[in-house]
Amino acid sequence: MHKGKGMKFVGDSRISAERKPNKSKDYSEYPGRTEAFWPNFLLKEWLAGSVFLVGFLCLTLAHPSPLEGMADPTDASYIPLPDWYFLFLYELLKYDFASGPYVLLGMLVIPGVAFGGLFLAPFLDKGPGRRPHQRPIAVGMMLLAVTSVFWLTYESAAGVDYEERAEANQPIPPSEQADIDTESEGYAIYENNCMSCHGDDLSGGSAGPPLTGIDRSAEEIADIAVNGIGTMPTDQFTGSDEELQQLADFIVSVNEDQSE
């Protein structure tokens, strides 16, 4: 007898003796549950994206964003606002439980828990279904997040007049810059007391805001020069009362010439 003749080799019954290519079944074998990626699925995605893009472009054309002037790091009175997609976080910091001594709670803890919850939502709800009622945990967390973002964004935007902010922070065109008389006595006093912070042309410097384009009386300017305002310290003016009045009149005259 030859070796192996009349013998049968039995293998694992779970493994098919027929070799089949490792290829997924055609989508047509799953009627109503799937569709061809090209062109059916891709065309739907493209159409949905196109509708959103056209609608967004029409919105930006109908309501253009009011742009403000160039950023001035020396203007301590300016209150910056974040872009619209961060407004909900900006609004969150206005609440008592997320500001003041609890600012770290509003900056790190609450946003971290919220975004971490969205990241863990697929792991917390492992249901096989894809319909919303079959994924209550994931859908509920997503609806809560979307509602919170929309509400906080609306509350933040409703309290800000963007057009008024843009109008108040327009840069001064070169043609409208003040014509400063550097030979006047007021300029000499300004040079000794104010130039280091507010610049040689009153346009602002590294430590002070511009003194052009302001609407203040001579008495108000004199009081600010002595008593300070905002981050400006007191006792910055070291001259006499007469020189203080000349300085205030000089700054008022510069702004009057600019407005003409």
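Annotations
Residue by residue, here is whether (1) of a type outside the set (Phe, Trp, Tyr); (2) part of a helix (DSSP H, G or I); (3) exposed (fewer than 13 other Cβ atoms within 10 Å of the Cβ); (4) modelled with pLDDT of 85 or more holds:
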site	(1), (2), (3), (4)
Thr60	yes, yes, yes, yes
Leu67	yes, no, yes, no
Ala76	yes, no, no, no
Pro80	yes, no, yes, no
Phe86	no, yes, yes, yes
Leu89	yes, yes, no, yes
Pro101	yes, yes, yes, yes
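- Flag for Ala48 being out of contact with any helix residue (DSSP H, G or I) (no Cβ under 9 Å at 6 or more places or on another chain) and assigned to a loop (DSSP other than H, G, I, E, B): no
- Some residue of the range 227-234 being touching a residue at least 24 places away in the same chain (Cβ under 8 Å), crowded, with 17+ Cβ neighbours inside 10 Å and not small (Gly, Ala, Ser): no
- Within the range 230-255, the only residue that satisfies the criterion of being aliphatic (A, V, I, L, M), more than 40 Å from the chain's Cα centre (by Cα) and closer than 9 Å to Ala218 by Cα is Leu247.
- Residue selected from the range 151-168 under the condition among the hydrophobic types (A, V, I, L, M, F, W, C) and assigned to a helix (DSSP H, G or I), by the criterion nearest to Pro66 (Cα to Cα): Ala166
- Near pairs, Cβ below 7 angstrom, 6+ apart or cross-chain, from the range 106-121 (without any contact (Cβ under 8 Å) to a residue 60 or more places away in the chain) to any residue that is surrounded by 14 or more Cβ atoms within 10 Å (Cβ to Cβ) and small (Gly, Ala, Ser): Gly106/Ala98; Gly106/Ser99; Ile110/Ala98; Ala114/Ala145; Leu118/Ala145; Ala121/Ala138
- Any pair with Cβ under 8 angstrom, 6 or more apart, that starts in the range 140-163 at a residue that is touching a residue at least 12 places away in the same chain (Cβ under 8 Å) and ends at one that is among the acidic types (Asp, Glu): Leu152/Glu91; Thr153/Glu91; Glu155/Glu91; Ser156/Glu91
The values are calculated or read from the model by the stated rules, or taken from the named source; none is laboratory data. What you are looking at is a predicted structure, and each value in this text was computed from that prediction instead of being measured. Quick reminder, even Gly has a Cβ in these numbers, built from the backbone with ideal geometry, and neighbours come from all protein chains shown.
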